[in-house]
Amino acid sequence: MHIFVTGGAGYIGSILVPTLLAAGHHVTVLDTFGDGGTQLADACRYASFNPVRGDARDERLLGEWVPKADLLMPLAALVGAPLCARDEVGARTLNRDAVIALVKRSSPSQMLIYPTTNSGYGVGSKGVFCTEETPLRPISLYGTTKAEAEQAVLDAGNGTTLRLATVFGMSPRMRIDLLVNDFTFRAVTDRAVIIFEGHAKRNYIHIRDVVGAFQHVMANYDRMRGEPYNVGLSEANLSKLELCAKIKEHVPGFTFLEAPIGEDPDKRDYIVSNAKIEATGWKPTWSLSEGIKELIKGYRMIRNARFSNV
Ligand SMILES: NC(=O)c1ccc[n+]([C@@H]2O[C@H](COP(=O)([O-])OP(=O)(O)OC[C@H]3O[C@@H](n4cnc5c(N)ncnc54)[C@H](O)[C@@H]3O)[C@@H](O)[C@H]2O)c1
């Protein structure tokens, strides 16, 4: 297949794209390649890899590349609530409008897989699992723009959406702002973390299981098209305090304390059912513990000390 991926040089894309190439697909990546990193260096050995430097909002580029693809994967986004709050216009035009523009240019014969976030569930009801039927109530501009783009994909009828839990694990384009990656980094480097809203729950998923979910949709497209699916580890609907306790199993000297005052601007709090995608035969293969061990190994190499001598 010819697969068109926007934002393919990011945290998820730099695991997803090499996997698609290794499976024999042709992959065009449209990305600003803004960090100038080498995360897709390994992809260049494939004649079937085509990196295109540009903006996913550029209608001319969409007009050129969308019609050539069998499968569309719009990943480009300003990812996370803090980044979207800093650039609201960028969030609306990239996270929502660019996806709508891509969907408009797609045809019913093309496949489309769109990753969105399960943070659209916002603040769930205590003890009640959010399913794909639960109304979306995003509480950030990030969540809102992703939910609006998802609706456009589902309305078009030819797309499948994956509502991803908070992703964790090592990637050539690392992100240490994601909760598991962040807390594990602090455990390894600072040995301590102060937690706000420690009882707020979330669901988590390893980055390679996200790639596995994309592949699963590709293999089962006819029966999965037109539908949203939650993608997370059913065994890991954990509060921040429970997550820290899990990390402490692997970093014994780790201290975590809940702050008696102050609050987290991120108010997300929900538990998620992944039964719908599990019923189609998809199963995650990475546990939270395996991911934490992978991160601890990765953090022996990574440094985040641009303005420090050590
Ligand atoms: N990582 C997660 O926990 C998570 C969870 C749910 C959903 N998602 C979704 O998965 C997708 C990928 O997320 P990620 O974690 O890899 O994010 P990321 O920030 O690592 O990657 C985003 C990519 O988009 C590119 N990009 C930015 N602006 C662009 C533009 N104007 N035109 C073209 N490319 C541009 C960046 O260069 C980068 O390569 C996003 O759509 C995100 O909303 C991620």
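The values are calculated or read from the model by the stated rules, or taken from the named source; none is laboratory data. The model shown is predicted, which means the values in this text are computed figures rather than measured ones. Backbone-built Cβ (ideal geometry, glycine too); neighbour counts: all protein chains shown.
Mind checking which pairs have a first residue in segment 107-119 that is within 16 Å of Phe4 (Cβ to Cβ) and at pLDDT 95 or above and a second that is in a loop (DSSP other than H, G, I, E, B) and near the ligand (Cβ under 8 Å from one of its atoms), Cβ under 8 Å, 6 or more apart or different chains?
Hits for this filter: Pro115/Ile12; Pro115/Leu75.
Of everything in segment 180-206 that's small (Gly, Ala, Ser) and modelled with pLDDT of 95 or more, which residue is surrounded by the fewest Cβ atoms within 10 Å (Cβ to Cβ)?
Applying the filter and picking the extreme gives Ala192.
Evaluate segment 123-138: report whether one residue or more is within 12 Å of the ligand (Cβ to nearest atom), at pLDDT 95 or above, in contact with a helix residue (DSSP H, G or I) (Cβ under 6 Å, 6 or more places away or on another chain) and not aliphatic (A, V, I, L, M).
no
Pairs needed: first member in segment 278-295, at positive phi; second member anywhere, modelled with pLDDT of 95 or more; C-beta distance under 8 Å; at least 6 residues apart or different chains.
Gly281/His216; Gly281/Asn220
Which of (1) modelled with pLDDT of 95 or more; (2) touching a Ser or Thr at 6+ places or on another chain (Cβ under 8 Å) does Gly281 not meet, given it meets every other one?
Exception for Gly281: condition (2).
Among helices (runs of 4 or more DSSP H) lying entirely in segment 238-307, which contain 1 or more residues that are over 22 Å from Phe129 (Cα atoms)?
240-250, 288-298
If I go through segment 36-51 residue by residue, how many of them are assigned to a helix (DSSP H, G or I) and surrounded by 14 or more Cβ atoms within 10 Å (Cβ to Cβ)?
Looking only at that region, the number is 2.
Restricting attention to segment 21-55, which residues are of a type in the set (A, V, I, L, M), touching a residue at least 40 places away in the same chain (Cβ under 8 Å) and under 21 Å from Ala219 (Cα atoms)?
Ala23
Pick from segment 1-52 the residues that are within 9 Å of the ligand (Cβ to nearest atom) and among the charged types (D, E, K, R): which of them is modelled with the highest pLDDT?
Checked segment 1-52; the qualifying residue modelled with the highest pLDDT is Asp31.
Which of the numbered conditions does Ala81 fail, given that it passes all the others? Conditions: (1) buried (at least 24 other Cβ atoms within 10 Å of the Cβ); (2) within 21 Å of Arg175 (Cα to Cα).
Only one criterion in (1) buried (at least 24 other Cβ atoms within 10 Å of the Cβ); (2) within 21 Å of Arg175 (Cα to Cα) is unmet by Ala81, namely (1).
Could you run through segment 67-103 and say how many residues are in a loop (DSSP other than H, G, I, E, B) and more than 12 Å from the ligand (Cβ to nearest atom)?
The number of residues fulfilling the criteria is 2.
Could you go through segment 157-167 and let me know if any residue there is buried (at least 18 other Cβ atoms within 10 Å of the Cβ), under 30 Å from His250 (Cβ atoms), of a type in the set (D, E, K, R) and in contact with a Gly (Cβ under 8 Å, 6 or more places away or on another chain).
Yes, some residue in segment 157-167 is buried (at least 18 other Cβ atoms within 10 Å of the Cβ), under 30 Å from His250 (Cβ atoms), of a type in the set (D, E, K, R) and in contact with a Gly (Cβ under 8 Å, 6 or more places away or on another chain).
Can you tell me which of Pro265, Pro260 is within 28 Å of Leu136 (Cβ to Cβ), modelled with pLDDT under 95 and not hydrophobic (A, V, I, L, M, F, W, C)?
Pro265
What strands (runs of 3 or more DSSP E), lying completely within segment 148-207, carry at least 1 residues that are within 11 Å of the ligand (Cβ to nearest atom)?
By residue number, 159-164, 166-168, 201-206.
Looking at Asp209, Asp264 in this structure, which one is more than 19 Å from the chain's Cα centre (by Cα), touching a residue at least 12 places away in the same chain (Cβ under 8 Å) and surrounded by 13 or more Cβ atoms within 10 Å (Cβ to Cβ)?
After applying the criteria, what remains is Asp264.
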